[in-house]
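Q: I have a structure I would like to understand better, so I am pasting it below and will then ask my questions one at a time.
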Amino acid sequence: MRFGICTNAKNLEYIKSIGYDYVEFNLSKIAAMSDEEFNAVLADVNRTEMYSETFNVSFPAELDMVCNVDLNAIRAYCEKAFERAARLGGKIVVVGSGKTRKIPEGYAVSDAEKNFCNALGVIANIAKKYSLLLAIEPLNRNETNYINTLADGARICEKVAVDNVRLLADLYHIYMNGEDLNDIRKYGKHIVHVHLARRNEDRGAPTMADADSIREVADVLRDIGYDSRITIEGRFKDEFETAAKETIRLLKHLYA
């Protein structure tokens, strides 16, 4: 299992020194950078050999994927963002970004789903050009009103039916939705990425005090043969360096 954490380029040397294998950058921020800013990040990544194998917050809020869909705008954004993602060592782009798929009140869900699947097909074609997988991230109902559960995400994977559109399991959203961990087993064949935080509302980075709770997750992932990547995507209440170190200690303990 490879362990990563969501942070920025200034922390690359530190997270490598304490045992993380990769970083997960915010792709919409990467895409919005000037060439000079991006090249500085790329230089840091290459120098430290801490690659952004995965990306979150991949699409800006204004890129509507369910109602007023502009496929040309989506293509233009993805070409730039995915080219940069590939140069940073990217393998997986997370399709979360709840505002891009929030269905307006009164808009037919069936129409929204048709539009989303069409947009996702366009995005998947561009992703394939850069050897990227897409991982649909179900988000809890406080963050969006479409694709909330693993079952929802799996349905979209099957409807789109292309080999580089898969599923992400985020333990915070699973907790907030009241989903059962057995749903990870049920939809495990689709899962290519995992986000981990404490299984409670604070979305904190897990510590050794959370070992029993996180061990349950690790056991389920072992049961489905998942041995790819786990990214820590949580809120750091304490100093980042202290919290990140405690979290990697927990993960190394559980996967010893």
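The values are calculated or read from the model by the stated rules, or taken from the named source; none is laboratory data. Here the structure is a predicted model, which is why all the values come from computation and not from measurement. A quick note on method: Cβ atoms are made from the backbone with ideal geometry, for glycine too, and the neighbour counts reach across all protein chains shown.
Q: Quick check on the stretch 199-228: of everything there that is among the β-branched types (Val, Ile, Thr) and in a loop (DSSP other than H, G, I, E, B), which residue is farthest from residue 179 (Cα to Cα)?
A: 207
Q: Given the options 3, 25, name the one that is in contact with a Lys or Arg (Cβ under 8 Å, 6 or more places away or on another chain) and at pLDDT 95 or above.
A: 3
Q: OK, next. Name the residues in the stretch 1-51 that are closer than 30 Å to residue 224 by Cβ and of a type in the set (A, V, I, L, M, F, W, C), would you?
A: 1, 3, 5, 6, 15, 18, 23, 25, 27, 50 - these are the residues of the stretch 1-51 that are closer than 30 Å to residue 224 by Cβ and of a type in the set (A, V, I, L, M, F, W, C).
Q: Restricting to the stretch 229-256, and then to whatever is aliphatic (A, V, I, L, M) and in a helix (DSSP H, G or I), can you tell me which residue is surrounded by the most Cβ atoms within 10 Å (Cβ to Cβ)?
A: 244
Q: Could I ask something else about it? Please enumerate the residues belonging to the stretch 214-242 that are of a type outside the set (Ser, Thr, Tyr), touching a residue at least 24 places away in the same chain (Cβ under 8 Å) and more than 17 Å from residue 200 (Cα to Cα).
A: 220, 221, 223, 224, 225, 227, 229, 230, 240, 241
Q: Where residues in the stretch 1-45 are β-branched (Val, Ile, Thr) and part of a helix (DSSP H, G or I), which of them is nearest to residue 247 (Cα to Cα)?
A: 15
Q: While we're on this one: Sort out which residues of the stretch 173-198 are among the charged types (D, E, K, R) and either assigned to a helix (DSSP H, G or I) or at pLDDT below 95 (or both), and write them in order of number.
A: Within the stretch 173-198, 183, 185, 186, 189, 198 meet the criteria.
Q: Right, next: Is it the case that residue 94 is over 18 Å from the mean Cα position of the chain (by Cα) and in contact (Cβ under 8 Å) with a residue 12 or more places away in the chain?
A: no
Q: Does residue 208 satisfy the condition of being surrounded by fewer than 18 Cβ atoms within 10 Å (Cβ to Cβ) and over 22 Å from residue 92 (Cα atoms)?
A: yes
Q: Could you grab me the full set of residues in the stretch 47-63 that are closer than 24 Å to residue 233 by Cβ and of a type outside the set (A, V, I, L, M, F, W, C)?
A: 48, 49, 51, 52, 53, 54, 56, 58, 60, 62
Q: Quick one: in the stretch 1-34, which of the residues that are aromatic (Phe, Trp, Tyr) and within 28 Å of residue 99 (Cα to Cα) is surrounded by the fewest Cβ atoms within 10 Å (Cβ to Cβ)?
A: Checked the stretch 1-34; the qualifying residue surrounded by the fewest Cβ atoms within 10 Å (Cβ to Cβ) is 3.
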